[in-house]
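Student: Dropping a structure here in structure tokens format, bear with me for questions.
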Amino acid sequence: MAGIVSTSKQGKRVVVIGGGVAGSLAAKLLQADADVTLIDPKEYFEITWASLRSMVEPSFAERTVINHKNYFKKGRVVTSPTVNITETDVTTKDGAVIGYDYLVIATGHNDLLPKTRQEKLSQYQAVLIVGGGPSGVELAAEIAVDFPEKKVTLVHKGPRLLEFVGEKAADKAFNWLESKKVEVILNQSVDLSSASDGNKTYRTSGGETIHADCHFLCVGKPLSSQWLSGTVLKDSLDGKGRVMVDEHLRVKDRKNVFAIGDITNIPEMKQGYIAESHANVAVKNIKVMMSGGKRKRLSTYKPGPEIAIVSLGRKDSVAQFPFVTVVGCLPGLIKSKDLFVGKTRKARGLSPKLVQG
């Protein structure tokens, strides 16, 4: 593919790499002020934290997968992975070379969330979930509420669930799962290769055997940053593969390159609403810089208080706020009802409920 040459908006060519929570919002908010190209391997943005509910309720999935073109009408979408970045251009796997004045990197994590639908789930009587982070806990809760007759076992290698939140929240989630007859096994791992197709018995590191018809792997997802080590930004990665950013969310030692979302080295929980905060700050700063700095000084990103809401089925949640941790239907009203799907759609200018394309 030949190089893509932008003819309009001199000095205002913005390339956003990654169409997840942070990248999709940044592209949408910049499209009226700049010549924006969104590069993403997928043609759609998926509200990833809602995909667990989508597994057990296919109609819910239709609201959680949004074509980029639905909210990003003025810019262009290039559907291909990015393979290189230079001082002036971005190159994609299919050979497109796209020049930029400002670059936003928002590639997040390589998502490994399970994609099984209700029809498949309904065939099984016993389900094994490996990993006791937010994904594992939320999936166990969704299945326990929607399919109470199924035997659900959750195995986690750590000493407690939800290690990224406080102990109180973890204990409340543990007790809630047990009240729904979910068997929770801590401090153990599972050898997934121990069960062949004919034999549905899995072995744990503690010598226990678990009978399950299917399993879901919900362990930590790797950052999608490996590819940056072959680009001009290779020195911007820390030892864990995260992109180092300053208080304005600019990549270390770069004036016109920003990084937002899970890929950054900001010490905070990696959650959707935080990624959206990053997008808002980066967009403000790009607009200031495009105006020649005439408007005002650059905005600073300040990590917010540690707030976490983990859904427990359709009505309940466990919520950790700075001074209190609660479980039940009150925090559930905040998140579990529609997992912020309506709010997320609205932020991109779409109807909260209407299904479009």
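The values are calculated or read from the model by the stated rules, or taken from the named source; none is laboratory data. What you see is a predicted model, and the numbers here were worked out from it, not measured in a lab. Note that each Cβ is placed from the backbone with ideal geometry, even for glycine, and that neighbours are counted across all protein chains shown. Each accessible area value is taken on the protein alone, full model and side chains, heavy atoms only, with ligands, DNA and RNA left out. Shrake-Rupley method; radii C 1.70, N 1.55, O 1.52, S 1.80 Å.
Student: Quickly run through the stretch 130-188 and pick out the residues that are of a type in the set (D, E, K, R), open to solvent by less than 30 Å² (accessible area, probe 1.4 Å) and either without any contact (Cβ under 8 Å) to a residue 60 or more places away in the chain or part of a loop (DSSP other than H, G, I, E, B) (or both).
Tutor: If the condition is that a residue be of a type in the set (D, E, K, R), open to solvent by less than 30 Å² (accessible area, probe 1.4 Å) and either without any contact (Cβ under 8 Å) to a residue 60 or more places away in the chain or part of a loop (DSSP other than H, G, I, E, B) (or both), then Lys150 is the only one that fits.
Student: Moving to a separate point now. Take the residues in the stretch 116-126 that are within 24 Å of the chain's Cα centre (by Cα) and open to solvent by less than 30 Å² (accessible area, probe 1.4 Å), then tell me which one is modelled with the highest pLDDT.
Tutor: Ranking the qualifying residues of the stretch 116-126, first place goes to Leu121.
Student: Still on this structure: Identify the single condition in (1) outside any helix (DSSP H, G or I); (2) surrounded by fewer than 19 Cβ atoms within 10 Å (Cβ to Cβ); (3) without any contact (Cβ under 8 Å) to a residue 60 or more places away in the chain that Val232 does not satisfy, given that it satisfies every other one.
Tutor: Result: Val232 passes all but (3).
Student: Given the options Val219, Val288, Val281, name the one that is part of a loop (DSSP other than H, G, I, E, B) and either open to solvent by 20 Å² or more (accessible area, probe 1.4 Å) or without any contact (Cβ under 8 Å) to a residue 40 or more places away in the chain (or both).
Tutor: On the way: Val288 fails: part of a loop (DSSP other than H, G, I, E, B); Val281 fails: part of a loop (DSSP other than H, G, I, E, B).
It is Val219.
Student: Of the numbered conditions (1) in contact with a Gly (Cβ under 6 Å, 6 or more places away or on another chain); (2) over 24 Å from Ser311 (Cβ atoms); (3) of a type in the set (A, V, I, L, M, F, W, C), Leu228 satisfies every one except a single condition; which is it?
Tutor: (1)
Student: If you go through the stretch 86-115, how many residues are at pLDDT below 85 and either of a type in the set (Asp, Glu) or open to solvent by 20 Å² or more (accessible area, probe 1.4 Å) (or both)?
Tutor: Summing the residues that are at pLDDT below 85 and either of a type in the set (Asp, Glu) or open to solvent by 20 Å² or more (accessible area, probe 1.4 Å) (or both) in the stretch 86-115 gives 6.
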